[in-house]
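Below: the structure, in structure tokens.
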Amino acid sequence: MRIDILTLFPNMFSSPLRESILGRAVEKGLLLIQTINIRDFALDKHQVVDDAPYGGGQGMVMKVEPIARAIESVKAQNPSARIIYLTPQGKPFDQDLARRLSGQSHLILLCGRYEGVDERVRELFIDEEISIGDYVLTGGELAAMVLIDAVSRFIPGVLGSDRSAEEDSFFNSLLEYPQYTRPVEFKGCRVPEVLLSGNHSAISLWRKREAIRRTSLRRPDLLAKASLTEEEKSLSEEALNSNDDCGMRMKDKNEF
Ligand code: 4HQ
């Protein structure tokens with residue numbers, strides 16, 4: 001997959017994309033990521049990329065011409081590339097959207113700064129607007145990195161040959177079950193006995209129950225979307241009716 005990032009701050013991308021799993025994917029040639037500095041496409045002497053909004057008001061707006069030229073330079077190489085603008089006004093980003101985007105061969109990600117881009121950029125060039133969540137960032141760069149990270153996990157080979165992003169269809173729609181590693185006891189807290197038992201069917205039932213319990217208590221909205229079997233539904237009711245939530249309810253625990 002090829003990804004071109006249009007940004008005023010290309011340096012922001014260098015180390016996150018060089019480390020760990022993404023770094024390896026880039027090294028292996030599974031991912032080709034390029035940054036394009038929008039300022040290089042401002043043709044005036046001072047390379048101005050922003051201006052005051054028509055109608056007045058706070059802040060600055062990114063000008064249409066430098067962005068248009070930057071997009072056209074990438075599109076000239078591949079007219080079928082899909083252009084995405086990162087904005088809180090876009091479609092909420094989730095695992096399904098990440099999976100769908102991973103099927104594209106070439107993405108162009110436009111990162112806005114200030115009050116965003118001139119509306120004509122959207123009208124003329126943008127195929128899709130995506131939001132990574134309901135909060136306001138200082139720019140689209142971090143949102144682009146989140147998108148690249150989640151999409152890359154779906155590209156075959158990125159997670160290593162023995163793993164795929166979605167091998168277990170059941171657990172996909174749920175929060176993860178609790179994980180433990182050595183030591184078996186730490187400050188009096190023990191690893192659940194079933195995980196030490198070697199009984200694979202008991203372990204798998206325990207994990208399913210814990211995943212359902214956690215999801216029921218913390219994210220009932222996710223559970224509503226998951227298509228559960230009768231067994232899974234009864235595990236969910238069991239979890240919700242139990243008085244012991246094992247500290248899994250978010251309320252009270254982490255609020256300040
Ligand atoms: N911004 N999801 C404002 C975001 C954002 C988000 C990007 C800040 C665009 C102009 N992007 N700029 N949330 O907050 O994608």
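The values are calculated or read from the model by the stated rules, or taken from the named source; none is laboratory data. Predicted model, so just to flag it, every value in this text is computed and none were measured. Every residue, glycine among them, receives a Cβ derived from its backbone with ideal geometry; neighbour counts consider all protein chains shown. The area values use the complete protein model at the heavy-atom level, side chains included, leaving out ligands, DNA and RNA. Shrake-Rupley method; radii C 1.70, N 1.55, O 1.52, S 1.80 Å.
Key figures for this structure:
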| item | result |
| --- | --- |
| Signed unit charges on C-beta, dipole axis of region 109-219, positive-most listed residue Ala143, Ser131, Ser201 | Ser201 |
| Cβ-derived FRET efficiency at R0 22 Å, Asp149 paired with Tyr180, nearest 0.05 | 0.30 |
| Three-way shape label, region 185-240, alpha-carbon gyration tensor, a/c 1.5 | oblate |
| Distance between modelled label sites at Glu72 and Arg163, nm, 7 Å Cα→Cβ extension | 4.5 nm |
| Pairwise centroid distance, computed over Cα atoms, of region 177-241 with region 108-156, Å | 35 Å |
| Projected label distance in nm at Leu228 and Asn199, using a 7 Å step from Cα toward the beta-carbon | 2.3 nm |
| Proximal aspartates and glutamates to Lys28, defined as alpha-carbon separation beneath 17 angstrom and excluding residues fewer than eight positions away on the same chain | Glu19, Asp149, Asp162 |
| Of all accessible heavy-atom area on region 1-83, the percent that carbon and sulfur account for (1.4 Å) | 51 percent |
| Helical contribution to [θ] at 222 nm, DSSP H n ≥ 4, -39,500 (n - 2.57), averaged over the chain, rounded to 500 | -10000 deg cm²/dmol |
| Most mobile of Gly59, Gly23, Gly139 in a GNM of the chain (Cα contacts under 10 Å) | Gly59 |
| Net +/- balance of residues flanking Leu30 in space, Cβ distance below 15 Å, scoring K and R +1, D and E -1 | +4 |
| The chain: most fluctuating residue of Ala165, Ala25, Ala211 per GNM, C-alpha cutoff 10 Å | Ala211 |
| Thr87 long-range amide H proximity, modeled H, under 5 Å | Ile130, Ser131, Ile132 |
| Fluctuation leader among Glu128, Glu141, Glu232 - the chain, Gaussian network, Cα springs under 10 angstrom | Glu232 |
| Amide H partners (placed H, <5 Å) of Ile3, local residues excluded | Leu32, Ile33, Gln34, Leu107 |
| Projected label distance in nm at Arg39 and Ile21, using a 7 Å step from Cα toward the beta-carbon | 3.3 nm |
| Shape call, the chain: gyration tensor on alpha carbons, a/c limit 1.5 | prolate |
